[in-house]
Amino acid sequence: MNNHNPVMKCSIPAPHVKTLAKAINTLSKIGEELHVEFLGDELVLRAVSAQKSAFGCFKFQADFFIEFRNDYVTRSRQFAHKDAHNRFRFHMKSLLPIFKPYNAAESQLEACEIEVDSGECQMHFSFVKKCRVVHKYTVCVMETTLLQTAYTRKDTKSHVIAPARLLHDIVNHFQSKVPEITLHFQEKWFTASNYTADVPDFHQVSQMELTLDMEEFEAYEIDQPTALTCTIREIKGIVSFLTTFTFPSDVTGSTVGLPVHLYFTEPGVPLLLYIESPNQYEASFVIATVEAGPDAPHHPDYQQQGNATPRSAPIPLPSNGSKALSASSRGKCQRSENDLTSANGQPQQTDDGSDSGPSASASRRADVTTPASTSVTRKLIGYDSSSSLMTPRQTQQVAKEYLAADSDEEGDGDRDSDQEV
Amino acid sequence: MPDSEGDSLSQLPPQQQPDNTSFFVGKLESCNFKNVIRIFKSITIKKAACFYVTERGLKIIVQESGNYQVTAYLQRDIFEYFQCLPPAPLKEIGFKVCLDILLNCLQMFVEVPGETTTGQFTYKADGHPLCVQLEQSGFFTSCDIKTMDIITPAVDVQFLEKNLISRMICKSDCFRDALHSLLAFPCRSFEVRVTKMAPYFLLRTVCDNVVCEVTVSKDSDFVERFQCDEETTFSYRTVLIRAAMKPLLISEKTSIRIDKHGVMALQFMIRNTENDTVSFVEIYGVPEQEPEEDD
């Protein structure tokens, strides 16, 4: 009906196409669909996981592009946020193959142009190569509503800045089949361990722990010691996004050494990860964490913050520990050697000292040092499956409450926050 | 059996002497031998391949009926010794061999670094096995591969220059990239459009909700020659691309020709960098009947 459909168009220089491709790849690890929005002079990509337990958002700013045209802004700036015509939704599987060749450096590429034909509900991705060759993909778009989180950085109390390399080492320390990890932020040190409380066959599970001194972080401001349990998949995606720019020994990328900001408050409240490359893009991720039950036995250090004595009281067992559990499998929630000390001489792990299950003999210790001269402790210990902590499904429910809330948004001014389901 | 001959294996160690009665003898030097293996690998799409020997060289045809035909040409020059003695009225010798087995035999020594391998093919007469003799640092190996008679000869594609309506010769890199993009989304067929005006050369696939188009301008540095007598649009099965991918990867230049019936001939020039000889692999594809018929 309107011959002059508003045009939304942007052109990305070849060196930045890889960043965009990696961003889409990272978001594909979060959700099945990609939400694209032309917002003012920014291109915003978002994804939310199917269970709404994780949310990722990349905002590409003007300097990221060669050219950026958004008619919606020039026409009616005040309605831009209310209008759904600048927002689109795609299936990841129709976008990923398009950008797959550009995850690696592509020598023939000159620029990538993204153009929206709002009249025909199509988005065109043109990869302009050298010598007048153009690869163009036309993808049908679906309408969408605004996708945003109700939880922002302002709502958090603790803030930690981790270098990308450190986060990479932490995450890759765990086996790929480990679904969830627990991050213990202590006053002086940090521990990451795999979350094993929900595993049905506990005979086949090893628990790993990685302890770092707070000096390893660029900033370490915590309100109170916290143990956050969250899925590792999203963090891995973010780390892989960062490491492609940081590690392959090229100093040319602008994102070298880009640190990751972690914002959090307490268990059960989402963990926020934030990356910023000034004037180019910023990325934020919201990841649901497991809510700590009233009797959460999760980590001894968390229970006994600041306790300097190597041997401490037994870990309180879950109150429902009596349900059909044999004596041997009960009461070995956390078992470890008491001679393990961290770099600053403080205890890393305490012994529960309760009954001796078969796991006691299986306990062993292997000190591993990461390239970043980090003191790392890896242990194999038994655990109790009777923990009353939440299952991943419960995690998702908690997350849903946060993500689906209709309140103020993620720092984008006055926008409506209709949540799409 | 056509004629009685001595046990070929017992003659081996002295030297692989070409004998003057065999229908076909082809001896390959080390660097050509490696190249021939490369070409054989690139056309191993189906098990059986038809070998045709003429005075001009060796022609190997692999055919997928109704879709495409792949032909590799090993011209006489690349053989150190070449003998073609077809029985009286015939001008060519034809036999069918399992390409996988032949390739396995040929590759027996190739992986050893720093060693040179020479090979010789001998086909004595109809019904005889194809004898492959390899020599590496004084070690001789002889393999006899059973041959089959060609009962239904490969389709003789009449690709006449006078019927040609469009032609493009381009660097293989460019064409390979284009085909890679087309294969990103699974679909049954692809469309080739050649026009006199921009975009000149266009490859297009349509799958569920993604349309992929690759355009190459005739002014591109990749394009060596562009000719369009008539605007053409034909659809071909994607299996053709998959078959073309392997020879395309080892080739230097690609020629794309389409005749007025829509038959597409993709010709890949494969250069042997060690001695600067070239060989060709050609793929003929027939267009889909009516691409829009189902809709």
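The values are calculated or read from the model by the stated rules, or taken from the named source; none is laboratory data. Treat the numbers as computed from the prediction; the structure is a model and nothing was measured. With ideal geometry, Cβ positions are generated from the backbone for all residues, glycine too; neighbour counts draw on all protein chains shown. To get the accessible areas, we keep the full protein, side chains included, count just its heavy atoms, and leave off ligands, DNA and RNA. Shrake-Rupley method; radii C 1.70, N 1.55, O 1.52, S 1.80 Å.
As for the range B:137-151, it holds no residue that is of a type outside the set (A, V, I, L, M), within 14 Å of another protein chain (Cβ to nearest Cβ) and either over 24 Å from residue B:252 (Cα atoms) or part of a loop (DSSP other than H, G, I, E, B) (or both). Count of the range B:183-233 residues, restricted to those that are crowded, with 20+ Cβ neighbours inside 10 Å, under 27 Å from residue A:93 (Cβ atoms) and more than 9 Å from chain A (Cβ to nearest Cβ), is 4.
Restricting attention to the range B:193-221, the residues that are over 24 Å from residue A:120 (Cα atoms) and among the aliphatic types (A, V, I, L, M) total 3.
Just one of the listed residues (A:84, A:104) is of a type in the set (A, V, I, L, M, F, W, C), at pLDDT below 90 and over 21 Å from residue A:145 (Cα atoms), namely A:104.
Residue B:151 fulfils the conditions (1) within 30 Å of residue B:100 (Cα to Cα); (2) modelled with pLDDT of 90 or more except for a single criterion, (2).
Kindly indicate which of A:198, A:250, A:223 is at pLDDT 75 or above and charged (D, E, K, R). Quick ask: steps written out before the conclusion?
Details: A:198 fails: at pLDDT 75 or above; A:250 fails: at pLDDT 75 or above.
Going through A:198, A:250, A:223 in turn, just one is at pLDDT 75 or above and charged (D, E, K, R): A:223.
Screening residue B:108 with (1) among the aliphatic types (A, V, I, L, M); (2) in contact with a Cys (Cβ under 9 Å, 6 or more places away or on another chain); (3) at pLDDT 90 or above gives one miss only, at (3).
Just the residues that are part of a helix (DSSP H, G or I) and either within 14 Å of chain B (Cβ to nearest Cβ) or not polar (S, T, N, Q) (or both), please, taken from the range A:162-186. Write out each step before concluding.
Restricting attention to the range A:162-186, the residues satisfying the condition of being part of a helix (DSSP H, G or I) are A:164-172.
Across the range A:162-186, the qualifying residues are A:164, A:165, A:166, A:167, A:168, A:169, A:170, A:171.
Residue pairs whose Cβ atoms lie under 6 Å apart, separated by 6 or more positions or on different chains, with the first residue in the range A:134-159 and open to solvent by less than 50 Å² (accessible area, probe 1.4 Å) and the second in a loop (DSSP other than H, G, I, E, B) and of a type in the set (Gly, Ala, Ser), are A:148/A:417; A:150/A:405; A:150/A:407; A:152/A:411.
Kindly check whether there is at least one residue in the range B:234-249 that is buried (at least 18 other Cβ atoms within 10 Å of the Cβ), in a loop (DSSP other than H, G, I, E, B) and assigned by the TED database to the domain that holds residue B:266. No, the range B:234-249 contains no residue that is buried (at least 18 other Cβ atoms within 10 Å of the Cβ), in a loop (DSSP other than H, G, I, E, B) and assigned by the TED database to the domain that holds residue B:266. A count restricted to the range B:85-113 and to residues that are of a type outside the set (S, T, N, Q), open to solvent by 10 Å² or more (accessible area, probe 1.4 Å) and either without any contact (Cβ under 8 Å) to a residue 40 or more places away in the chain or over 30 Å from residue B:137 (Cβ atoms) (or both) stands at 15. Taking the listed residues A:184, A:168, the one that is open to solvent by 10 Å² or more (accessible area, probe 1.4 Å) and more than 26 Å from residue A:69 (Cβ to Cβ) is A:168, with no other qualifying.
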